[in-house]
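Below is one structure, written out as structure tokens; the observations come after it.
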Amino acid sequence: MFAAASNDGANRSKGDRIPFPARMHEVICINSSDGYGKASDFNPPPSKNSFNFATLGEAVSTSDPSTDAANSGSRRTGTSFATPTAAAIAALFIEFAMQKPLSKDRAVSRQMITRDGMIKIFAGMSEDPVQGFRYLRPWDLIQCEKRSDGHDCKSCRADAVEKVKVLLAGPIPITDSLIRIPELPHVTEAEFDSRINEDKGKCLAGTREELLRDIAAWIADPQGRLIGWLTGRAGRGKFAIARTVAIELRAKHILGATFFFSRNHQSRQDVFGFVTTVAHQLRRHVPALAQSISAAVTDDPDLATREKGCQAQWEKLVTTPLKSIESKIVIVIDALDEPETLIEDGFVYPLSEPHRFDLDSEMISQSTDRDISELIRHDLGALKKRIEARRSAGFINEETVEKLTRKSAGLFVHAKVACRYISGDDHDGYRSSLPEQRLSVVLSDKLEGFDDLDNLYTEILKHATRGRDQHQLTKELRHILELIIALFEPMREEALNKLCTEEVDPRLFNDRLHSLRSVLVVPESFDQPVQIFHESFRTFLLEKAGEEFRIDEKRAHQNLFARGMRLMSGTGDQNSVLKSDICSIGHPGIEIQSIDQHTINSCLPLDIQYACSYWVGHFEKLDGSQRKRMGMLDKGEIHMFLEKHFLHWLEALCLTRRIRDGVSAINKLINLLPGTAESSQLMSLSRDAQRFIRYHYPVIVHYPLQLYASALVFSPTASRVRELFKHEKPEWIPTKPGMDDDWGPCLQILESGSLAVTFAFAHDSVTLASAGAGIISIWDVAKGECRHTLSHSNVSHVVFSHDSKILASASRMVVVAGVTSKPVVNIWNISTGRRIWTLDGHTDSIGSIAFSHDGKTLVSVSDDATVKLWNMQSGKCDQTLEGFEDRRLLPYIHTWVSFSHNSTSLVAASYGAGVKIWRKRSQQWHSTTESHGDIREIAFPHDGKTFASISSYDTMEIRDIVTGKCLHSFMGLREPRSITYSYDATMLAFASSHSLLGTTAIAILDVALGRCIQVLNNGNFSLVIAFSPDSKLLASTSGADVNIWDTTTGKHRQVFRNDQLVMSMAFSHDVKVLVTAGHRDITIWDLTTNQMLEEIAFSHDDELIASALGVSWDNDVIRVLIWEIRSQECLQTLMGHSSKIRSFAFSHDSKLLASGSWDRTVKIWDVVKGLCLRTLDMGTAVCNISFDPTDSYLHTDFGLICLDGKSPANSASGETASRPRFRGYGLSTDGRWITRDSEYSLWLPSEYRPSEYLRVAVVSSSSTQSPRSTAAPSTVAFGCESGRVLLLKFPVDDTSVGVGVATG
């Protein structure tokens, strides 16, 4: 039985609001939706443990259509299209089951009309759940592509039957409530059957038959090549062929996915969107792939975000799932040459030669004219029928077809544009001429091909401007065309109208636009964008058109910039849409993903969204004089906009998921500003805005309203942005918190969340790679964001090629649970995140890798006593260098390797075997340092001429890298280490405790002279030393701090106070920033600015004491002992914690005991009975706990926990952990948020968070009032890892909060 969900719950007889029919197991319930494809307000909620199907509904204001008149402007719910749909589907499938194609297999037809059978079919022809409902797509199952008038649909029915059989043969799908299918971002417009692509057509029946047969034969050939490559000149019809192939493959049920790239649409030239859109379609179209793709995203949610490398996404979401099935699946991609990175970086280009279909080949060209003639007959045939209803249309005949075919010269685009022009109807503004007159114009010129196409474009534009005021019409159409040409992405007609200059009357915009329908695609639907019909028209307007129609691209960008600024700022009586809390969200802790897209679009119209994203992009296209005129000065248009709307602009970008555009825009703006006195204030504000975005990016990208909360509170008091928008802070945030005066040297903290084992800066000064915990992160230091995350376990070393385009990562051999990981070197493309090669050949851990200076060779050194030279063009090992009989070259601890500058020599060294030089000419190794003990450290300069080493005899030597000759030797040093060359190879620095240098000092040597030129008193011993690329600065660690020295004078310039031990560091190549890596985070510093006792607890009556037993980290038995002080007897032994006890507290009546443990739980114990009453899952260890005077609340580091009966239910034994319910203000358990009633309120930047290991947080209310009182003020105070103490006091009325910061 099929049934529709009842309107407004008429049959809801139970508390779960599920109507009666849907409760019956025999029923398949079909729900309705609103006009936007979302569940209706009055719709029943999704039923648990069952599938929930839906169909599109009719949009009205309420469930009662009679009340719609008063609210006609609002679309809130959907009324019942579900009822007739349910009946229609039932009738359709019953009739289908009775048709002849199924009569021969009665078992199938009988199974089809059962509930389980229909569930299988419905699940196979529906989309992934949205808001718990699966929207039906019957056309995925039963479709008919009419090929000719005599088509009888037998083949279509047969195809549908085969698909039904496949679905019925499969298992019963898992219900939606049991498996949550993660969402994958996808670009609907890029799919072949999107409305925007349908407007551009497909191959007509009877055309391209030979080519389509060849393509079909290649697909069917089991030995055929994996890739088919369709090539040909522009205008040859590749788009139509691709769409036709996709349609035929869908009919055969072997179409996996399609993606049609477009230069005119930004989202359709994006590699990330390409990968996720293909994966989304594979999951939707191929049931056998749905589970593996969904599992991949569930296991690694970053696959659905831009944080993951595109190559990793492609492998895990596309290639790996496809390898798991045996059936043939085809993916169709059009215009693969549009996104340049795909071709340049070889992202999808096959490693082997593809099967080529050349449209310019002689064989295919012979049939082209015939197919063009068929296209002309079809298009003009429709015109002929329309004319013959009123008069004769004899001018449309075979002679006309033949002439137009010759004029087209093998170009489908010429024929198509000509037919669109000739067929123009009254709606297109063509009343001034007849079709036969327009035909005469097309045939008049003697030119052919693209030359004649340019003439045709000229005539079309002249025709559109004929009228009483031709000059004005020409001017208006040129403005419209300039707008369309200069746009960075196509826009809908309504948005175009608003973006157009005032030169065009908005009331006439529609008529002007439709007069160009011969050369533009102007959809009938208003929710589709207007776009150019063919790229040749863009080229014509920019390069070939006459003066009256030639597009001045710079003027077009100038107009778009000016119009965008006016739209964002508000014009005349119209207030700007940009304001604080644009969507009236209200709560500062709301995450962007929870905000409905319809709400965002209704509050931020598309024209405003476009202006916010691209105003700087259009400004960048202008020349210097234009920029000056357009407001690139103090108090100019840009300056005034930023002062009034900077935060509102950022909020808009956050809401539209385009905050990256804001980062790029401010960076571009700073580079464009002249830096003169007349723009000094604008430059100052822009630089402050740059620091503001970079510092607060981690939170605002996810929580837009933190712009007015955390971002303003934790910006320095001298920040211009903070001062300009101080009035925007919520009432509960203070006006003048005690922050630092100015931005510190730390530009940004990149929170990797794991130990950074190694990292490297690329030579472009922008790209940084960090590796740890099986992940390599590629960071854009300028934007402060992670470009790619690459998967590579047990990484030991990462290194960039000298052109910064390639990254190599090497791994160790690790044995886990008896399974040995294979040591490999992965070669990555930095632009795409694609893995180019996996170099497999070593049998033991790889200790060091290095690129040759020309990037053609990579050398790897392994503990298997071999050095391998890898060819970066082929990914093959060119040579394995051996010759170490005692296997002492590469023992277990340290290995180093480097090329000489001319790549003729190679130096390899290890802790146990000294240094060896391999010479290309002799093809032999030469030992150099066997007599001076084991090598502890080695350093190579950038010029590749020398190398320096420290031996176990506390000797340091500088040697010639080619001959191995010792140039300088320094003996008698005390614990020398951290040896480092300057970038120009003229200096060498190392740390030592030599008596001549003084304790814990750093010596700087002149390499050529071999003598000490500076001695730096570093304080604590330095573990890491680094020179700046210009060799003018030296950085050295001193404990957790970093000292910066002037290498010329030896003077101490500045110190960076770190909150974690620095394990490695590097300067950027432009010497503007220093990057340090610790055990947890990566910190970027601005160089341009100077800036455990065991737990016990006494009861309140001093009669009892609690202590912990079994507190070692490896002890599995943790006991809490309760003693009576008077008798010194142990009254209770409480067991349940699995890790060390962190804190204790007795209740005021001594009946309860609370214990906090490193196992991240807090347990509440009955002291008398010795029972665990409740286990609270805190998510982290709790350092401080205490009961309030009423024993109804528990004070913790993170807030007050409610202990009354309203808390979440627990098991009788108290062993089932529950999440605590907090009241009032407190800390989130991860220490990143100030919370209110467990909801996020104020984000804490990294240096303002509680110390991870020494957290001392206090969350208190008035000592004289119960926490139950709403009048009780609260104070949150804690020590930070940065040395600060943060205090936040919430006044009695909860309307404001005081913030203070102290350092100590």
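The values are calculated or read from the model by the stated rules, or taken from the named source; none is laboratory data. Quantities reported herein were computed from a predicted structural model and do not represent experimental measurements. Please note: Cβ atoms are built from the backbone with ideal geometry, for glycine as well, and neighbour counts cover all protein chains shown. The area values use the complete protein model at the heavy-atom level, side chains included, leaving out ligands, DNA and RNA. Shrake-Rupley method; radii C 1.70, N 1.55, O 1.52, S 1.80 Å.
Which residue, of Ser686, Ser719, is closer than 28 Å to Ile595 by Cβ, surrounded by 18 or more Cβ atoms within 10 Å (Cβ to Cβ) and in contact with a helix residue (DSSP H, G or I) (Cβ under 7 Å, 6 or more places away or on another chain)?
Working: Ser686 fails: closer than 28 Å to Ile595 by Cβ.
None of the others qualify; the one that does is Ser719.
For segment 603-620, name all the residues that are crowded, with 19+ Cβ neighbours inside 10 Å and either farther than 20 Å from Ser679 by Cβ or over 25 Å from the mean Cα position of the chain (by Cα) (or both). Before you say what the answer is, go through the steps one by one.
Pass one, segment 603-620, residues crowded, with 19+ Cβ neighbours inside 10 Å: 604, 607-616, 618-619.
Within segment 603-620, Leu604, Asp607, Ile608, Gln609, Tyr610, Ala611, Cys612, Ser613, Tyr614, Phe619 qualify.
When segment 561-577 is filtered for residues that are open to solvent by 10 Å² or more (accessible area, probe 1.4 Å) and in contact with a helix residue (DSSP H, G or I) (Cβ under 6 Å, 6 or more places away or on another chain), the ones remaining, listed by number, are Arg563, Leu567, Ser569, Ser576, Val577. Screening segment 192-286 for helices (runs of 4 or more DSSP H) wholly inside it with 1 or more residues that are within 27 Å of the chain's Cα centre (by Cα) returns the ranges 195-198, 271-285.
Condition test on Ala850, is it part of a strand (DSSP E or B), under 28 Å from the mean Cα position of the chain (by Cα) and either at positive phi or surrounded by 15 or more Cβ atoms within 10 Å (Cβ to Cβ) (or both)? Here the answer is no, as Ala850 does not meet what is asked. Checking each residue in segment 251-278 for being modelled with pLDDT of 85 or more and closer than 18 Å to Ala296 by Cβ picks out Gly256, Ala257, Phe274, Val275, Thr276, Thr277, Val278. Scan segment 1201-1222 for residues that are buried (at least 20 other Cβ atoms within 10 Å of the Cβ) and either among the hydroxyl-bearing types (Ser, Thr, Tyr) or modelled with pLDDT under 80 (or both) and the total you get is 1. Screening Cys310 on (1) over 17 Å from Ser194 (Cα atoms); (2) touching a Gly at 6+ places or on another chain (Cβ under 7 Å); (3) surrounded by fewer than 23 Cβ atoms within 10 Å (Cβ to Cβ) shows it passes everything except condition (3). A Cβ distance below 9 Å, combined with a sequence gap of six or more or placement on separate chains, defines the contacts here; from segment 163-191, residues that are within 30 Å of Asp270 (Cβ to Cβ) and modelled with pLDDT under 70 reach residues that are of a type in the set (Ser, Thr, Tyr) and open to solvent by 70 Å² or more (accessible area, probe 1.4 Å) in the pairs Ile179/Thr298; Arg180/Thr298; Ile181/Thr298; Pro182/Thr298. Could we say that Ile485 is of a type in the set (Val, Ile, Thr) and surrounded by 22 or more Cβ atoms within 10 Å (Cβ to Cβ) here? In short, no. The number of residues in segment 680-694 being touching a Gly at 6+ places or on another chain (Cβ under 8 Å) and within 17 Å of Phe725 (Cα to Cα) comes to 2. Looking only at segment 810-834, residues that are at pLDDT below 80 and under 23 Å from the mean Cα position of the chain (by Cα) come to 4 in all.
Of all the criteria given as (1) farther than 23 Å from Val766 by Cβ; (2) crowded, with 17+ Cβ neighbours inside 10 Å; (3) of a type in the set (Val, Ile, Thr), the one not satisfied by Val663 is (1).
For Leu747, the conditions (1) in a strand (DSSP E or B); (2) modelled with pLDDT of 75 or more are fulfilled apart from (2). Annotation: Thr501 fulfils all but one of (1) of a type in the set (Val, Ile, Thr); (2) within 27 Å of Val441 (Cβ to Cβ); (3) assigned to a loop (DSSP other than H, G, I, E, B); the unmet one is (2). Are any residues in segment 228-250 farther than 29 Å from Arg538 by Cβ and open to solvent by 30 Å² or more (accessible area, probe 1.4 Å), and if so, which ones? If the condition is that a residue be farther than 29 Å from Arg538 by Cβ and open to solvent by 30 Å² or more (accessible area, probe 1.4 Å), then Glu248, Arg250 are the ones that fit.
Of the residues that make up segment 307-314, is at least one modelled with pLDDT of 80 or more, assigned to a helix (DSSP H, G or I) and not basic (Lys, Arg)?
Yes, that holds for at least one residue.
A single member of Leu473, Leu513, Leu477 is at pLDDT below 90, hydrophobic (A, V, I, L, M, F, W, C), open to solvent by 10 Å² or more (accessible area, probe 1.4 Å) and part of a helix (DSSP H, G or I), and it is Leu473.
Every residue in segment 689-710 that is of a type in the set (S, T, N, Q) and crowded, with 24+ Cβ neighbours inside 10 Å, please. Reasoning before the result, please.
At the first step, the residues of segment 689-710 found to be of a type in the set (S, T, N, Q) are 690, 706, 710.
Across segment 689-710, the qualifying residues are Gln706, Ser710.
Looking at Ala290, Ala304, Ala295, which is the one that is closer than 24 Å to Arg658 by Cβ and small (Gly, Ala, Ser)?
Details: Ala290 fails: closer than 24 Å to Arg658 by Cβ; Ala295 fails: closer than 24 Å to Arg658 by Cβ.
Only one candidate qualifies: Ala304.
Considering only residues that are open to solvent by less than 40 Å² (accessible area, probe 1.4 Å) and under 26 Å from the mean Cα position of the chain (by Cα), which ones fall in segment 792-809? If the condition is that a residue be open to solvent by less than 40 Å² (accessible area, probe 1.4 Å) and under 26 Å from the mean Cα position of the chain (by Cα), then His792, Val795, Val798, Val799, Phe800, Ser801, Ser804, Ile806, Leu807, Ala808, Ser809 are the ones that fit. Across segment 362-420, the number of residues qualifying as in a loop (DSSP other than H, G, I, E, B) and closer than 17 Å to Leu456 by Cβ comes to 3. Output yes when any residue across segment 775-784 is open to solvent by 10 Å² or more (accessible area, probe 1.4 Å), among the aromatic types (Phe, Trp, Tyr), out of contact with any Gly (no Cβ under 8 Å at 6 or more places or on another chain) and at pLDDT 85 or above, and no when none is. No, every residue in segment 775-784 fails to be open to solvent by 10 Å² or more (accessible area, probe 1.4 Å), among the aromatic types (Phe, Trp, Tyr), out of contact with any Gly (no Cβ under 8 Å at 6 or more places or on another chain) and at pLDDT 85 or above.
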